[in-house]
Amino acid sequence: MAMVRRLRAAAAPLARLRLGQIERRSYGSAAQLQYDYDDDYDYNESPSEMEDSLGSVSGRGVQWVVMGDPLTNRQMYAEKLSQLLKVPHISMGTLVRQELNPRSSLYKQIADAVNQGKLVPEEVIFGLLSKRLEEGFYRGETGFILDGIPRTRNQAEILDQVADIDLVLNFKSTEAYLQKKHLSHYQDIHSVSKLMNKPLEDYYKKQKKLLNFDVAGAPGETWQGLLAALHLQHMNALSSSQKLSV
């Protein structure tokens with residue numbers, strides 16, 4: 001119930017926010033509704049620190065954020081982690097697209113913003129997120145892997161009013177990865193993405209919640225490296241053995 005109270009408390013002022021109070025950015029054109037919200041592992045972090053950040057609070061599942069380079073196919077890994085850890089993968093892009101339905105009360109507000117190349121207001125974005133988390137709470141969900149938000153430090157600060165984030169998994173693409181995938185022509189996008197993510201990375205690094213992970217190889221190799229970075233190999237092995245025994 002404590003989480004529900006926090007959700008409602010956070011959602012109420014967000015609904016009244018004006019443009020001067022929060023910056024309406026990062027949710028623009030129709031192309032952005034594809035949400036490329038979908039890098040390197042910090043080996044200086046000790047196993048005990050990793051266990052503290054990865055371990056969920058007693059009685060609930062993990063509450064993680066995935067962010068980083070849109071060229072890393074991070075949504076796929078977020079979905080795989082979701083299945084492994086038995087928590088929902090909540091995509092902000094999906095939540096917004098679901099409201100692009102004429103029967104939705106938010107349809108006109110979102111559609112007008114998209115069609116005019118303007119930004120979907122952040123109070124709408126966080127209203128949708130708060131609603132999704134509250135619905136999940138009443139369905140018995142105790143955790144989540146959040147994808148597509150936050151995109152800015154301002155959004156991260158608002159998110160902290162809504163949920164207790166355990167870990168922020170930051171996917172980064174290496175030069176070798178870009179060359180192997182013939183994505184070198186996206187280098188400018190890659191550089192801009194790194195620059196835009198820097199304030200957000202600094203915010204979560206200060207909170208000791210940031211885990212950088214480099215995507216350098218094929219999906220299978222990357223998945224195994226991700227499991228190792230997160231100390232989840234045992235869970236993957238158990239999941240695989242259970243599937244074989246079914």
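The values are calculated or read from the model by the stated rules, or taken from the named source; none is laboratory data. Nothing here was measured: the structure is a model prediction, and the numbers come from that model. Please note: Cβ atoms are built from the backbone with ideal geometry, for glycine as well, and neighbour counts cover all protein chains shown. Heavy atoms of the whole protein, side chains included, go into the accessibility calculation; ligands, DNA and RNA do not. Shrake-Rupley method; radii C 1.70, N 1.55, O 1.52, S 1.80 Å.
The table for this structure:
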| item | result |
| --- | --- |
| 29 Å Cα-Cα reach of Lys108 towards lysines, excluding residues that sit fewer than 8 places from it in its own chain | Lys118, Lys131 |
| Hydrodynamic radius (Kirkwood) for region 129-179, which is based on Cα pairs only, to one decimal in Å | 13.1 Å |
| Inter-label distance for Gln179 and Leu232, nm, one decimal - labels placed 7 Å from Cα along Cα-to-Cβ | 3.0 nm |
| Region 74-222 - convex hull of the alpha-carbon atoms, volume per residue in Å³ | 143 Å³ |
| Solvent-accessible area, 1.4 Å probe, carbon plus sulfur percent, for region 83-155 | 48 percent |
| Lysines with Cα under 21 Å of Lys198, excluding same-chain neighbours fewer than 8 positions away | Lys172, Lys206, Lys208, Lys209 |
| Proximal charge balance of Leu227 [Cβ under 12 Å; K/R count +1, D/E count -1] | 0 |
| Under Karplus coefficients 6.51, -1.76 and 1.60, residue-wise ³J(HN,Hα) of region 119-129 in Hz, glycine/proline x | 9, 5, x, 5, 5, 5, 4, 6, x, 5, 5 |
